1. Cut-off is 10 Å between beta-carbons; in what order do 15, 10 appear when sorted fewest neighbours first?
2. Stokes-Einstein D for segment 16-89 at 10 °C, 1.306 mPa s, Kirkwood Rh over Cα pairs, in µm²/s?
3. May I ask you to derive the FRET efficiency for residue 158 and residue 31 from their Cβ-Cβ distance with R0 = 45 Å, giving the value to the nearest 0.05?
4. For the chain, find the longest principal axis of its Cα atoms and tell me its angle to the long axis of helix 108-117, 0 to 90°, nearest 10.
5. Of 163, 22, 152, which is the most mobile in a GNM of the chain whose springs link Cα atoms less than 10 angstrom apart?
6. At 0.36 nm per residue, and after removing the present C-alpha to C-alpha distance, how many nm does the segment from residue 141 to residue 165 gain when stretched out fully?
7. Rounded to the nearest angstrom and ordered from largest down, what semi-axes does the equivalent ellipsoid of segment 77-187 get from its C-alpha gyration tensor (root of 5λ)?
8. Report the rotationally averaged projected area of segment 70-137 based on its alpha-carbon convex hull, in square nanometres.
């Protein structure tokens, strides 16, 4: 299947592509995933950047307290694998298709070639990554600030005795340690 360059221009890179840029993007691979299929698994090699053309995916991790936890939902125009793409590490989470998805895959080797021969296009791809990360950080901030305020309000209602209990425990522990040490060395 052919890569939809118009979609890339308007939804992923947010810039017009020249004929040369479009030709340079010919190594992009279109991948189709059915609902429920795994797109990436934690620990996979991280040598690719994925553009979500259509569908919705969930980014998941195993939390030792809560079990399987979806901590992000991504949709059309979002990126997957950008962190491992940039830092040459393995995938840090699982990504699963929540709907049927069409995804474009750019391999790291192809990006390196773009950086050598099509710097403007490579810059636009890096800009898309930065914009995606900025959007994720802003969304996290919007979600975390109210949560932190709620925790602060709850913490202010904790009785002083409970707040001081750890200090009391440390004082008793230290006293016991010195008492035992003193007792062991008194002949």
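1. Ranked by crowding around the Cβ, least crowded first: 10, 15.
2. Approximately 111 µm²/s, per Stokes-Einstein.
3. Numbers: r = 51 Å, r/R0 = 1.12.
E between residue 158 and residue 31, to the nearest 0.05, is 0.35.
4. Tilt relative to the chain: about 60 degrees.
5. Sorting by GNM fluctuation, first place goes to 163.
6. Values: separation 24, 0.36 × 24 = 8.64 nm, distance 3.25 nm.
Net length gain for the segment: 5.4 nm.
7. 54, 23, 14
8. Approximately 5.1 nm², given one-decimal rounding.
Read-outs throughout are calculated quantities, based only on the coordinates presented, and are distinct from any laboratory measurement. All values derive from a computational prediction rather than experimental measurement. Cβ sites come from the backbone with ideal geometry, for glycine too, and all protein chains shown count toward neighbours.
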